[in-house]
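Okay, so here's the structure we're looking at.
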Amino acid sequence: MFHRDLDAVVRSPTPADIEQAKKNIQDGIDTLDQIEKELEQTRAKLANLKQRREAVQQDIQLNRSITSNLRTIPDEILSLIFEYYVESDPQASPWVLMSVCHQWRAAAVLARRIWLKIMVTHAVPSPQRLHKRLNERSSLGYEICHTVPLLEKALDRAAGVPLHLSFKFGDSRYSGVYGDAD
């Protein structure tokens with residue numbers, strides 16, 4: 001295919017050598033074009049295989065989660081575990097539990113004692129402050145309420161348990177336990 005005769009490179013090329021070299025160049029370009037097409041087809045096939053692999057991995061993960069032993073634990077038992085988790089660590093947040101899965105979210109809503117920490121504040125947070133408050137909510141475990149509907153929702157969640165209320169206005173913060181302690 002390619003002319004690799006060293007003698008033809010050293011001596012002056014004949015018209016036949018020039019024609020052969022031009023043919024070799026064109027053959028090389030055609031071969032490179034074919035290789036590029038094959039590479040593109042291979043890349044497309046690889047991308048398709050990666051998508052299929054991802055779909056199969058997600059399906060396996062879904063089925064593993066369905067068969068998980070954790071899914072057989074009744075919500076009432078999970079609620080007790082969640083109460084222990086929140087009571088054993090003052091920094092523990094029920095919001096972490098709520099974000100795991102639908103079952104844990106349902107169990108966390110049933111566990112009224114994990115919602116006893118409510119922070120009442122006066123201002124609607126800016127997006128930057130909201131992000132900070134969400135981080136604070138996750139790290140301190142407070143339900144942060146800056147509107148009456150949010151406060152009502154928080155009180156409904158914690159219905160019947162003594163509350164640890166925190167009132168934050170500006171830089172001032174007031175906290176206390178309210179309700180009958182068992």
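The values are calculated or read from the model by the stated rules, or taken from the named source; none is laboratory data. Fair warning: this is a prediction, and the values are worked out from it, not measured in the lab. When we count neighbours, we look across all protein chains shown, and the Cβ atoms used for this are built from the backbone with ideal geometry, even at glycine. Side chains are part of the model used for accessible areas, which takes the heavy atoms of the whole protein and leaves out ligands, DNA and RNA. Shrake-Rupley method; radii C 1.70, N 1.55, O 1.52, S 1.80 Å.
A few comments on the model shown:
- Only one of the listed residues (53, 11) is more than 30 Å from residue 154 (Cα to Cα), in contact with a helix residue (DSSP H, G or I) (Cβ under 9 Å, 6 or more places away or on another chain) and charged (D, E, K, R). That residue is 11.
- For region 49-84, a residue qualifies if it is in a helix (DSSP H, G or I) and of a type in the set (A, V, I, L, M, F, W, C), and the qualifying residues are 49, 55, 56, 60, 62, 66, 70, 77, 78, 80, 81, 82.
- Counted residues, region 127-166 - those being outside any helix (DSSP H, G or I) and either open to solvent by less than 60 Å² (accessible area, probe 1.4 Å) or modelled with pLDDT under 75 (or both): 15
- Filtered residues of region 61-92 (kept if more than 30 Å from residue 118 (Cα to Cα) and either touching a residue at least 12 places away in the same chain (Cβ under 8 Å) or open to solvent by 80 Å² or more (accessible area, probe 1.4 Å) (or both)): 61, 62, 64, 65, 66, 67, 69, 72
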